[in-house]
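For reference, the structure is listed below as structure tokens.
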Amino acid sequence: MTTADTTPPLRIGLLGTGPWARNTQAPALAAHPGVELSGVWGRRAEAADALATAHGTRAYTGEEGIDALLEASDAVAFALPPDVQAPLAVRAAEAGCHLLMDKPVATTVAGARAVAEAAEKASVASVVFCTLRFAPETSAWIAEQAAVEGWFTARAQWLGSLYAAGSSSEYADSPWRRDKGGLWDVGPHALSVLIPVLGDVEHLTAAAGPADTTHLILRHTSGASSTVTLGLSAPPGAAGVEIELRGERGTASIPGWAGAETAFRGAVDALAEAVRTGVPHACDARFGLHLTELLAAAEAQAQAG
């Protein structure tokens, strides 16, 4: 005879109603068997109402709506621009809510540090959604390669065509992405793969390429080096993601993955595990702060020429 699981669902509220919330986060949270989608907050009442109705939950709006959603939730997920996300994450942590954040946590070191410190002070769990660390196919590959010694060098390219001529992507309407470019949007993904495999970055060199493209040369604590190319303005025929490792045992290339919604469900599982055990996840707010520190240093170098 089996005993039914009596663990109550984790009540997670969603802050944001844009494409990322509609296409990925809300569907993943609403369908997760261990989660109750406790509500949706949006700056526009009609957008919050539409998304909440689509997933059978309550809509919130306005400043008072944020406080009400935090009170009704054990955790909050963010689908907001990073520098809107950061102060709200501090507010959520201070209210005792666990944090499921998008990358980057913030585009300033001060903003990201405030989040990490607030989470630690409040003893709340936190996860930063770096896609490849949570997609089943890529997370298993990263763990496998991190256990291998003798990596010599690596090459990562993450090129999107969001801002290429003729692009119709709804994500191209994001002002922060247009302003900060591929370095900040897809840079966290690449770094979140390289760091656990090759070790932390102890030296970084950055240079600007065409349009918003940024090139990085990284020296890792293992002694290995890596090169990274990041951008959102590549011609469609040049767009794609490649991460390749080279070392004593040959080469290894990252596999494809099923999609963002599946990966986001993995991030929800990771947050729930951190809440249950009290053990921080490797991609927590402190790691998010470190990514912001690296990206800010790279941005400063690239802008200085």
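The values are calculated or read from the model by the stated rules, or taken from the named source; none is laboratory data. These figures come from a predicted structure and were not determined experimentally. Reconstructed Cβ throughout: ideal geometry from the backbone, glycine too, with neighbour counts over all protein chains shown. Surface accessibility is based on the protein's heavy atoms, side chains included, excluding ligands, DNA and RNA. Shrake-Rupley method; radii C 1.70, N 1.55, O 1.52, S 1.80 Å.
Observations, loosely collected:
- Global form of segment 117-206, assessed from the alpha-carbon gyration tensor, a/c cut-off 1.5: oblate
- With every protein chain in place and a 1.4 angstrom probe, the accessible-area ranking of Glu63, Glu248, largest first, reads Glu248, Glu63.
- At the residue level, Glu244 shows approximately 40 square angstrom of accessible surface with a 1.4 angstrom probe and all protein chains present.
- Label-point separation, Asp179 to Ala31 (7 Å along Cα→Cβ), nm: 3.4
- Full extension of the segment from Val109 to Ala147, taken as 0.36 nm per residue of separation minus the current Cα-Cα distance, would add 10.6 nm.
- If the segment from Thr205 to Val84 were pulled out straight at 0.36 nm per residue, it would be longer than the present Cα-Cα gap by 40.7 nm.
- Ellipticity estimate at 222 nm from DSSP helix runs (n ≥ 4, -39,500 (n - 2.57)) divided over the chain, nearest 500: -13000 deg cm²/dmol
- Length gained when the stretch Glu120-Ala95 is fully extended (0.36 nm per residue, less Cα-Cα span): 7.7 nm
- Each Cα pair under 8 Å and six or more residues apart adds its sequence gap; the mean of these over the residue count of the chain is a relative contact order of 20 percent.
- A prolate overall shape is assigned to segment 1-59, the ratio a/c of its alpha-carbon gyration tensor axes (a ≥ b ≥ c) being 1.5 or greater and a/b exceeding b/c.
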